[in-house]
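Below: one structure, written as structure tokens.
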Amino acid sequence: MAFPVTRLRRLRRTAELRNLVCETRLTPDAFVYPLFVCPGEGVRREVRSMPGVYNLSVDEAVKEAEEAHALGVPAVILFGLPDKKDEVATGAWEENGIVQRAARALKREVPGLILMGDVCLCEYMSHGHCGIVKATPFAQSLGAAARDTLKSARVVAVQSEQEKATAIEKIASQMADYARRIEFEIDNDASLELLARTSVSLARAGIDVIAPSDMMDGRVGAIRRALDEAGFSNTPILSYAAKFASGFYGPFREAADSTPQFGDRRSYQMDGANLREAMREIELDIEEGADMIMVKPAMPYLDVIAAARERFELPLAAYQVSGEYAMIEAAARNNWIDRERVMMESLVSIRRAGASIILTYYAKDAARLLG
Ligand SMILES: [Zn+2]
């Protein structure tokens, strides 16, 4: 029956009618609120490119979590800014790591709040990559070549053989290091052990949901085995299953101080052009034991969310990332858009695409509007 019998505007006439026929409803219980925890006390440092988002010391993170929880937000996800970084991401898995400390405090002070722990190594590695960086054979052979050349040279101005050997080693390793910055790779299998160790350590500290975001192959299986062996067979895994290498992560790297010092993350995060590959990533994570799956970022990948919803039965999450947030904030500050309206529209679009769980920096503000 076409026009004039059918008039779709009939049901748009009043707010009450529009509400009655609303297809997608947003509720605060869909939200997960990301928190960036840093050392110190009373620290509340705003992230320059994410107005309204802070690096928080444990005591401040507790206050922030209490506030979110009181607004009806059921979960937070924790990211850590460690005291110091190294090449084996010690800060990620040590018992007294920053996220472990925050988890213990939050479990004690905000019972009933679901604690998710982001599992990655980039925030804790001196080089800022998500796994162990290994020099390629080219870098290694360059170091070896430098060593041999210097050994045979007679012009090294040092007193003893011992000093000479030390100087040679230093130069050779500097050259290998230089080459590594051009020619490096992330050692997938060696990184799995650290990711598993981090997950067990987080579960031990009280994290309820382990959320690996590193994009190493096989990490979900490795983490599942390690959790089970350590007695955490009831701890679920929310896998960042389809995580795309994205320019939208820019502000997060400032927030979490995790910018790679060389190269980029395209050798492990996904190519934004690939939808079918995203389905394979998700499928493999499910086979390895993921309990929930995630697509990240959200807005530029709504079609991936929709395809995943269509194809898989698991609870589906989407991460509205820092760049999505920063764009809305920046435009709103210029009075170019209506902040609240665009915020809610962006969240509804993620929900409509099929995500039932939304990780968002707007968790508190949106919950307040919905309340
Ligand atoms: Zn990472």
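The values are calculated or read from the model by the stated rules, or taken from the named source; none is laboratory data. Worth saying up front: this structure is predicted, and the values here are computed from it rather than measured. Neighbour counts run over all protein chains shown; Cβ positions are idealised from the backbone, glycine included. With ligands, DNA and RNA removed, areas are computed over all heavy atoms of the protein, side chains included. Shrake-Rupley method; radii C 1.70, N 1.55, O 1.52, S 1.80 Å.
Summed over qualifying helices (DSSP H, 4 residues or more, each -39500 (n - 2.57)) and divided by its residue number, the chain shows a 222 nm mean residue ellipticity of -14000 deg cm²/dmol. By the rule of a C-alpha distance below 13 Å, with chain neighbours fewer than 8 residues away ignored, the aspartates and glutamates paired with Lys151 are Glu161, Glu163, Glu169. By the rule of a C-alpha distance below 13 Å, with chain neighbours fewer than 8 residues away ignored, the aspartates and glutamates paired with Lys85 are Glu94, Glu123, Asp257. For region 207-218, backbone phi angles converted through the Karplus equation (6.51, -1.76, 1.60; θ = phi - 60°) give residue-by-residue couplings of 5, 8, 10, 8, 10, x, 10, 6, 6, 6, 5, x Hz, Gly and Pro being listed as x.
What is the calculated FRET efficiency for Glu95 to Ala230, with r their C-beta to C-beta distance and R₀ = 22 Å, to the nearest 0.05? It would help to have the intermediate numbers written out before the result.
Working: r = 13 Å, r/R0 = 0.59.
Efficiency at R0 = 22 Å is approximately 0.95.
For the chain, the solvent-accessible area with a 1.4 angstrom probe is 49 square angstrom per residue. Computed from Cα atoms, the angle from the helix 339-353 axis to the main principal axis of the chain rounds to 90 degrees.
On a full-extension model of 0.36 nm per residue, what is the gain between Thr136 and Glu283, subtracting their alpha-carbon distance, rounded to one decimal in nm? Walk me through the numbers on the way to the answer.
Working: separation 147, 0.36 × 147 = 52.92 nm, distance 3.03 nm.
Net length gain for the segment: 49.9 nm.
Peptides 240-251, 55-66: what's the order by average Cβ count within 10 Å, highest mean first?
Ranking the peptides 240-251, 55-66 by packing returns 240-251, 55-66.
For the Cα trace of the chain, dividing Rg by the Kirkwood Rh returns an Rg/Rh value of 1.07.
Measuring against 21 Å, Cα to Cα, the residue pairs Lys107/Lys364; Lys63/Lys364; Lys243/Lys364 contain Lys243/Lys364 as the ones spanning a longer distance. Reported to the nearest whole Å, the Cα centre-to-centre distance from region 300-343 to region 106-133 is 22. Computed over region 99-141, the range of Cα coordinates on each principal axis works out to 54, 14, 10 Å, biggest value leading. For Ile114, nonlocal amide neighbours, meaning residues 5 or more places apart or on other chains whose placed amide H falls under 5 Å from its own, are Ala75, Val76.
Given R0 = 22 Å, the distance between the Cβ atoms of Asp365 and Asp59 translates into a calculated FRET efficiency of 0.45. Between Arg311 and Glu41, how high is the FRET efficiency from 1/(1 + (r/R0)^6) when r is the Cβ-Cβ distance and R₀ = 41 Å? Nearest 0.05. Calculated value: 0.30.
Using only Cα coordinates, the Kirkwood hydrodynamic radius of region 207-300 works out to 14.2 Å.
In region 58-196, carbon and sulfur make up what percent of the accessible area (probe 1.4 Å)? Intermediate results must be reported in sequence, preceding the final value.
On the way: 3720 of 6730 Å².
Carbon and sulfur atoms account for 55 percent of the accessible area of region 58-196.
For the chain, the longest principal axis of the Cα atoms and the long axis of helix 275-288 meet at an angle of about 80 degrees. Between Asn335 and Val21, full extension at 0.36 nm per residue minus the direct alpha carbon distance yields a gain of 109.9 nm. On a 0 to 90 degree scale, rounded to 10, what angle separates helix 161-182 from the longest Cα axis of the chain? Between helix and principal axis, roughly 30 degrees. Over the chain, Cα pairs under 8 Å with separation of 6+ residues give a relative contact order of 18 percent.
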